[in-house]
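Notes follow the structure.
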Amino acid sequence: DLPEGREALAAELAARTVDDDYQYLLDLVRAFVGEKRFALGVQLVEGRQDPIDVSRAYAWLADVAIDRLTRATLEQYEEAHGRVPGGELVILAFGRLGGEALTHASDLDLVLLFTGEHGVESDGRRPLGATQYFNRLGQRVVAALSVPTATGALYEVDTRLRPSGTQGLLCASLDSFAKYQREDAWTWEHMALTRARVVYGSEDARAAVEAVIADILNIERDPQKLRKDIPEMRAEMAEHKPPKGPLDVKLCPGGLVDAEFAIHARQLELRTAFTPRLDEAAKALTTAGLLSAGFAEAQALLSRLLVMLRLVAPDDQEPGEAAQALVAKALGQADWTALMAAVADAKKLIKDAWDSYATSKQEPSK
């Protein structure tokens, strides 16, 4: 069965934590996540669950691992450096984790922030200024999530979506993040922000970060600039990241990237349907008549296919007959031929939705 939710997974992990040793905890979390990933993979192979529900459970699992390892890292860190009065670490998830749609092979797109003032020092026996304090802490958190131990690897962590990319601080203050997003961020960074979700932080810190994100997303934008920037970004991506194989349902024309661009363009231009979950955004835009009927279903079909293929055909090449039958059954199709026909229809519908935006100078085509 699927996990009942994040809370149930967190409680199960907590019940297994019987030792305060930090290295032991790293191993334990890796073993726990590996076990649950395997169970979710079996559910996909056996066709017991909707792949979209499984992808959400993969995200819950990552949320729980992030929370537990961050708390443990912070406890150890505070022994030497204390706490920064009025400040705390906040972790934002972007991309597939932000949208609660991980696959078996997804990495974690994370942005680390801290609340409070720059100039405050921590109160421990080895005090640090706030910026240095939280950046060192952030490095340790990323290491806890990504460094292989004797039990194996956990996740690949990508922090390049932070302000100013790899040239910027790993952990920026919330104030500087807000200033950057308002004054210096590129259109693609605001597109990425539509899928941002807080995965670590107190209720007050979460509310503060979510308020900043809502303010940024609801800025009135120049439609003509968006219609120039967004198609240019998609064209550049197509040039530098071509499809890896015949079943690359992300990067192919009419694939999931085109679906994301079609959704995000309408979200930003019309300031509507903001939710990190693309399936919910697609449904809201379709209901509002801003995307064609069937778009949400087409996007969901390709999302389900991606989840299955990451497990059984990670090279994006056509799998063997047994895997073809497995994937077709999981997606509710009679056979592989029927599935490929449905996928072709879905890609055409998505491509039309993207092209209608990319080539139009008027209001988004319905």
Rounded to whole angstrom, the alpha-carbon centroid of region 98-154 lies from that of region 14-57 at a distance of 21
When the expected Rg is taken as 2.2 N^0.38 Å, what fraction or multiple of it is the alpha-carbon Rg of region 120-275?
1.23
Given charges of +1 on the Cβ of Lys and Arg and -1 on the Cβ of Asp and Glu, with all other atoms neutral, how large is the dipole of region 129-198 about its Cα centre, in debye to the nearest 20?
140
Just grab the label-to-label distance for D107 and T166, each label 7 Å out from Cα along the Cβ direction, in nm (one decimal).
1.0
Per residue, how much accessible area does region 267-365 have with a 1.4 Å probe, in Å²?
45
Pull out the extension gain between E297 and A11, defined as 0.36 nm times the separation in residues minus the alpha carbon to alpha carbon distance; nm, one decimal.
99.5 nm
Taking a point 7 angstrom from the Cα of T359 along the C-beta vector, which residues in region 296-310 have backbone N less than 20 Å away?
none
Alpha carbon Rg of region 70-127, scaled by the compact-globule rule 2.2 N^0.38 Å:
1.46
Under 1.5 on a/c is rounded, so check that first for region 2-159, then, if it is not, pick prolate when a/b is larger than b/c and oblate when it is not; a ≥ b ≥ c are the square roots of the alpha carbon gyration tensor eigenvalues.
prolate
Quick one: work out Rg over Rh on the C-alpha atoms of region 237-366, Rh as Kirkwood radius.
0.99
Shape call, region 137-176: gyration tensor on alpha carbons, a/c limit 1.5
prolate
Hey, got the Cα dimensions of region 69-170 along the principal axes, in Å, largest first?
42, 33, 23
Can you give me the solvent accessible area of K225 with a 1.4 Å probe, rounded to the nearest 10 Å²?
110
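What full-extension length gain, to one decimal in nm, is calculated for A288 and D204 as 0.36 nm per residue of separation minus the Cα-Cα distance?
27.0 nm
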List nothing, just return the count: lysine pairs in the chain, 8 or more apart or interchain, with Cα separation under 14 Å.
8
Residue by residue through region 302-315, which ³J(HN,Hα) values in whole Hz follow from phi under the Karplus form 6.51 cos²θ - 1.76 cosθ + 1.60 (θ = phi - 60°), with glycine and proline marked x?
5, 5, 4, 4, 4, 4, 5, 5, 4, 8, 9, 8, x, 8
Taking amide H positions as placed 1.01 Å from N in the peptide plane, with prolines and chain starts having none, which residues 5 or more places from L108, or on another chain, fall under 5 Å of its amide H?
E156, V157, D158
At a 1.4 Å probe, what is the % contribution of carbon and sulfur to the accessible area of region 34-106?
48
Model label zone, E236; criterion: amide N under 17 Å from point 7 Å along Cα-to-beta-carbon; scope region 139-182:
160-168
Distance between modelled label sites at Q76 and K179, nm, 7 Å Cα→Cβ extension:
3.4
Find how much the distance from M340 to L2 grows on full extension, using 0.36 nm per residue of separation minus their present alpha carbon separation; answer in nm with one decimal.
118.9 nm
Which shape class, rounded, prolate or oblate, goes with the chain when its Cα gyration tensor gives a ≥ b ≥ c as root eigenvalues, a/c under 1.5 marks rounded, and past that a/b bigger than b/c marks prolate?
oblate
At most 12 other C-beta atoms within 10 Å and a DSSP loop state: those are the exposed GluC sites (Glu not before Pro) I care about. Give me the longest piece of the chain that has none.
5-155
Solvent exposure ordering (accessible area, 1.4 Å, most first) of V157, V45, V209
V45, V157, V209
Under a 5 Å amide H to amide H cut-off, with H placed in plane at 1.01 Å, what residues pair with V198 once short-range neighbours are removed?
A93
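The values are calculated or read from the model by the stated rules, or taken from the named source; none is laboratory data. Note that the structure is predicted; figures quoted are calculated from it, not measured. Because the Cβ atoms are built from the backbone with ideal geometry, glycine has one as well, and the counts that use them run over all protein chains shown. Please note that ligands, DNA and RNA were not included when accessible areas were found on the heavy atoms of the full protein model with its side chains. Shrake-Rupley method; radii C 1.70, N 1.55, O 1.52, S 1.80 Å.
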